[in-house]
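Have a look at the structure below before the remarks.
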Amino acid sequence: MKKFIALIVVLGMLPGAAFAQKVAYYDHGKVVRDSNAWQSIDKELAAKRDEIVAKLQPIVAEVQKEGQELQKATDGLKPEQIQARYGERVQEYQGKLAGLQASRNQVNQQMSVVRELAENKINVVINDSLDEIASRRRVDVVERQVPLSFYSKKYDATDEVLAAVNQKLSSLDIDSLVAEVAARAEAQAQ
(Lines give C-alpha, C1' and ligand atoms only; values in the text may rest on other atoms or scores of the structure.)
Protein backbone atom coordinates (compact mmCIF):
# COMPACT_ATOMS: atom_id res chain seq x y z
CA MET A 1 0.00 0.00 0.00
CA LYS A 2 2.85 2.38 0.84
CA LYS A 3 4.42 1.81 -2.59
CA PHE A 4 1.11 2.55 -4.27
CA ILE A 5 0.69 5.85 -2.37
CA ALA A 6 4.29 6.84 -3.16
CA LEU A 7 3.66 6.13 -6.85
CA ILE A 8 0.51 8.31 -6.83
CA VAL A 9 2.43 11.15 -5.16
CA VAL A 10 5.24 10.92 -7.72
CA LEU A 11 2.79 10.79 -10.61
CA GLY A 12 0.87 13.70 -9.11
CA MET A 13 4.05 15.79 -9.17
CA LEU A 14 4.86 15.09 -12.80
CA PRO A 15 1.95 16.88 -14.45
CA GLY A 16 2.64 20.04 -12.41
CA ALA A 17 6.23 20.05 -13.55
CA ALA A 18 5.21 19.41 -17.15
CA PHE A 19 2.95 22.48 -17.17
CA ALA A 20 5.49 24.97 -15.79
CA GLN A 21 5.83 27.92 -18.14
CA LYS A 22 8.41 30.58 -18.72
CA VAL A 23 6.61 33.92 -18.55
CA ALA A 24 7.56 37.48 -19.48
CA TYR A 25 5.47 40.45 -18.41
CA TYR A 26 4.57 43.86 -19.79
CA ASP A 27 3.06 47.02 -18.32
CA HIS A 28 -0.16 47.33 -20.28
CA GLY A 29 -0.96 50.89 -19.16
CA LYS A 30 2.50 52.12 -20.10
CA VAL A 31 2.31 50.48 -23.52
CA VAL A 32 -1.06 52.09 -24.26
CA ARG A 33 -0.13 55.55 -22.89
CA ASP A 34 3.29 55.67 -24.52
CA SER A 35 2.24 54.29 -27.89
CA ASN A 36 2.42 56.62 -30.86
CA ALA A 37 -1.22 55.89 -31.69
CA TRP A 38 -2.42 56.90 -28.21
CA GLN A 39 -0.22 60.00 -28.22
CA SER A 40 -1.68 61.09 -31.57
CA ILE A 41 -5.27 60.56 -30.39
CA ASP A 42 -4.56 62.31 -27.11
CA LYS A 43 -3.24 65.38 -28.96
CA GLU A 44 -6.17 65.39 -31.39
CA LEU A 45 -8.69 65.07 -28.56
CA ALA A 46 -7.04 67.95 -26.70
CA ALA A 47 -7.26 70.08 -29.85
CA LYS A 48 -10.92 69.11 -30.36
CA ARG A 49 -11.66 69.87 -26.70
CA ASP A 50 -10.06 73.32 -27.06
CA GLU A 51 -12.07 73.93 -30.24
CA ILE A 52 -15.33 72.98 -28.53
CA VAL A 53 -14.52 75.08 -25.46
CA ALA A 54 -13.86 78.06 -27.75
CA LYS A 55 -17.22 77.54 -29.48
CA LEU A 56 -19.06 77.20 -26.17
CA GLN A 57 -17.32 80.16 -24.52
CA PRO A 58 -19.80 82.81 -25.75
CA ILE A 59 -22.71 80.70 -24.49
CA VAL A 60 -20.96 80.12 -21.16
CA ALA A 61 -20.29 83.86 -20.81
CA GLU A 62 -23.93 84.65 -21.62
CA VAL A 63 -25.23 82.13 -19.09
CA GLN A 64 -22.82 83.35 -16.41
CA LYS A 65 -23.82 86.97 -17.04
CA GLU A 66 -27.50 86.05 -16.86
CA GLY A 67 -26.88 84.18 -13.60
CA GLN A 68 -25.09 87.15 -12.08
CA GLU A 69 -27.87 89.52 -13.14
CA LEU A 70 -30.51 87.22 -11.68
CA GLN A 71 -28.53 86.91 -8.47
CA LYS A 72 -28.40 90.70 -8.11
CA ALA A 73 -32.06 91.14 -9.01
CA THR A 74 -33.30 88.46 -6.62
CA ASP A 75 -30.94 89.15 -3.72
CA GLY A 76 -32.98 89.57 -0.55
CA LEU A 77 -36.28 88.46 -2.11
CA LYS A 78 -38.38 85.62 -0.79
CA PRO A 79 -38.94 82.58 -3.02
CA GLU A 80 -42.54 83.55 -3.76
CA GLN A 81 -41.44 87.08 -4.71
CA ILE A 82 -38.75 85.68 -7.02
CA GLN A 83 -41.32 83.38 -8.61
CA ALA A 84 -43.82 86.21 -9.10
CA ARG A 85 -41.35 88.74 -10.55
CA TYR A 86 -38.71 86.62 -12.24
CA GLY A 87 -40.24 83.14 -12.59
CA GLU A 88 -40.11 83.00 -16.38
CA ARG A 89 -36.61 84.49 -16.53
CA VAL A 90 -35.34 82.03 -13.89
CA GLN A 91 -36.85 79.15 -15.89
CA GLU A 92 -35.13 80.34 -19.06
CA TYR A 93 -31.85 80.67 -17.21
CA GLN A 94 -32.16 77.18 -15.73
CA GLY A 95 -32.99 75.81 -19.19
CA LYS A 96 -29.88 77.43 -20.68
CA LEU A 97 -27.77 76.14 -17.81
CA ALA A 98 -29.17 72.62 -18.20
CA GLY A 99 -28.60 72.75 -21.98
CA LEU A 100 -25.02 73.86 -21.47
CA GLN A 101 -24.39 71.08 -18.96
CA ALA A 102 -26.00 68.54 -21.31
CA SER A 103 -23.70 69.71 -24.13
CA ARG A 104 -20.65 69.34 -21.89
CA ASN A 105 -21.75 65.89 -20.78
CA GLN A 106 -22.36 64.80 -24.37
CA VAL A 107 -18.92 66.01 -25.47
CA ASN A 108 -17.24 64.30 -22.50
CA GLN A 109 -19.14 61.08 -23.21
CA GLN A 110 -18.22 61.13 -26.90
CA MET A 111 -14.57 61.76 -26.08
CA SER A 112 -14.64 58.93 -23.57
CA VAL A 113 -16.09 56.57 -26.17
CA VAL A 114 -13.44 57.64 -28.70
CA ARG A 115 -10.70 57.01 -26.12
CA GLU A 116 -12.19 53.59 -25.35
CA LEU A 117 -12.32 52.70 -29.04
CA ALA A 118 -8.73 53.87 -29.53
CA GLU A 119 -7.60 51.74 -26.60
CA ASN A 120 -9.48 48.75 -28.02
CA LYS A 121 -7.66 49.14 -31.34
CA ILE A 122 -4.32 49.33 -29.52
CA ASN A 123 -5.28 46.25 -27.46
CA VAL A 124 -5.90 44.28 -30.66
CA VAL A 125 -2.40 45.14 -31.87
CA ILE A 126 -0.92 44.23 -28.48
CA ASN A 127 -2.68 40.86 -28.48
CA ASP A 128 -1.56 40.18 -32.06
CA SER A 129 2.06 40.90 -31.04
CA LEU A 130 2.35 38.81 -27.88
CA ASP A 131 3.05 35.43 -29.50
CA GLU A 132 5.77 36.91 -31.70
CA ILE A 133 7.41 38.61 -28.70
CA ALA A 134 7.17 35.42 -26.63
CA SER A 135 8.90 33.52 -29.42
CA ARG A 136 11.71 36.10 -29.66
CA ARG A 137 12.20 36.11 -25.88
CA ARG A 138 12.07 32.31 -25.77
CA VAL A 139 9.27 32.26 -23.24
CA ASP A 140 5.97 30.46 -23.34
CA VAL A 141 3.76 33.48 -22.78
CA VAL A 142 3.85 37.26 -22.34
CA GLU A 143 1.28 38.48 -19.80
CA ARG A 144 0.16 41.76 -18.28
CA GLN A 145 1.82 42.75 -15.05
CA VAL A 146 -0.34 42.46 -11.99
CA PRO A 147 -0.54 45.84 -10.21
CA LEU A 148 1.49 46.13 -7.01
CA SER A 149 3.62 43.13 -7.86
CA PHE A 150 7.38 43.03 -8.31
CA TYR A 151 8.86 41.71 -11.52
CA SER A 152 12.50 41.35 -12.37
CA LYS A 153 13.63 43.55 -15.26
CA LYS A 154 14.91 40.34 -16.80
CA TYR A 155 11.30 39.33 -17.50
CA ASP A 156 10.03 42.78 -18.52
CA ALA A 157 8.88 42.86 -22.16
CA THR A 158 7.22 46.29 -21.98
CA ASP A 159 9.64 47.99 -24.37
CA GLU A 160 9.29 45.19 -26.90
CA VAL A 161 5.49 45.28 -26.77
CA LEU A 162 5.55 49.08 -27.15
CA ALA A 163 7.91 48.83 -30.14
CA ALA A 164 5.63 46.24 -31.77
CA VAL A 165 2.56 48.44 -31.25
CA ASN A 166 4.36 51.50 -32.65
CA GLN A 167 5.50 49.52 -35.67
CA LYS A 168 2.06 48.11 -36.47
CA LEU A 169 -0.09 51.11 -35.47
CA SER A 170 1.70 54.42 -35.68
CA SER A 171 -1.35 56.64 -35.41
CA LEU A 172 -5.10 56.73 -35.22
CA ASP A 173 -7.35 59.27 -36.91
CA ILE A 174 -9.89 60.90 -34.65
CA ASP A 175 -12.33 61.61 -37.48
CA SER A 176 -12.46 57.93 -38.47
CA LEU A 177 -12.90 56.94 -34.80
CA VAL A 178 -15.73 59.46 -34.39
CA ALA A 179 -17.37 58.12 -37.56
CA GLU A 180 -17.04 54.56 -36.24
CA VAL A 181 -18.56 55.58 -32.89
CA ALA A 182 -21.45 57.29 -34.71
CA ALA A 183 -22.02 54.24 -36.91
CA ARG A 184 -22.09 51.97 -33.85
CA ALA A 185 -24.54 54.28 -32.06
CA GLU A 186 -26.78 54.36 -35.12
CA ALA A 187 -26.65 50.58 -35.44
CA GLN A 188 -27.60 50.18 -31.77
CA ALA A 189 -30.48 52.63 -32.17
CA GLN A 190 -32.02 50.52 -34.94
Requested in this report: Go through (1) open to solvent by less than 40 Å² (accessible area, probe 1.4 Å); (2) modelled with pLDDT under 90; (3) not aliphatic (A, V, I, L, M) one by one and return the number of the condition residue 29 breaks.
Outcome: (2)
Query raised in the report: What number of residues within the stretch 99-127 satisfy the criterion of being touching a residue at least 24 places away in the same chain (Cβ under 8 Å) and closer than 18 Å to residue 34 by Cα?
Result: 10
Report task. Pick out the one residue from 124, 114, 142 that is part of a helix (DSSP H, G or I) and either of a type in the set (Asp, Glu) or open to solvent by less than 70 Å² (accessible area, probe 1.4 Å) (or both). Result -> 114
Report summary line: Matching residues in the stretch 145-174 (without any contact (Cβ under 8 Å) to a residue 12 or more places away in the chain, in a helix (DSSP H, G or I) and open to solvent by 90 Å² or more (accessible area, probe 1.4 Å)) number 4
Query raised in the report: Of the residues that sit in the stretch 132-163 and are under 15 Å from residue 29 (Cα atoms) and small (Gly, Ala, Ser), which one is modelled with the highest pLDDT?
Result: 163
Query raised in the report: Within the stretch 86-100, can you find the residues that are open to solvent by 50 Å² or more (accessible area, probe 1.4 Å) and either touching a Pro at 6+ places or on another chain (Cβ under 7 Å) or over 17 Å from residue 68 (Cβ atoms) (or both)?
Result: 88, 91, 98
Requested in this report: Just name the residue that is farthest from residue 178 (Cα to Cα) out of those in the stretch 35-77 that are within 21 Å of the chain's Cα centre (by Cα) and among the hydroxyl-bearing types (Ser, Thr, Tyr).
Outcome: 35
Report task. Name the single residue, out of those in the stretch 92-148 being of a type in the set (A, V, I, L, M, F, W, C) and in contact with a Lys or Arg (Cβ under 6 Å, 6 or more places away or on another chain), that is nearest to residue 44 (Cα to Cα). Result -> 125
Requested in this report: With the checklist (1) more than 21 Å from the chain's Cα centre (by Cα); (2) closer than 30 Å to residue 47 by Cβ in hand, flag the one item residue 171 doesn't pass.
Outcome: (1)
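The values are calculated or read from the model by the stated rules, or taken from the named source; none is laboratory data. From a predicted model like this one, the values you see are computed outputs, not experimental measurements. Don't worry about glycine lacking a Cβ; one is built from the backbone with ideal geometry, like all the others, and counts go over all protein chains shown. Only protein heavy atoms, including side chains, enter the accessible area calculation; ligands, DNA and RNA are left aside. Shrake-Rupley method; radii C 1.70, N 1.55, O 1.52, S 1.80 Å.
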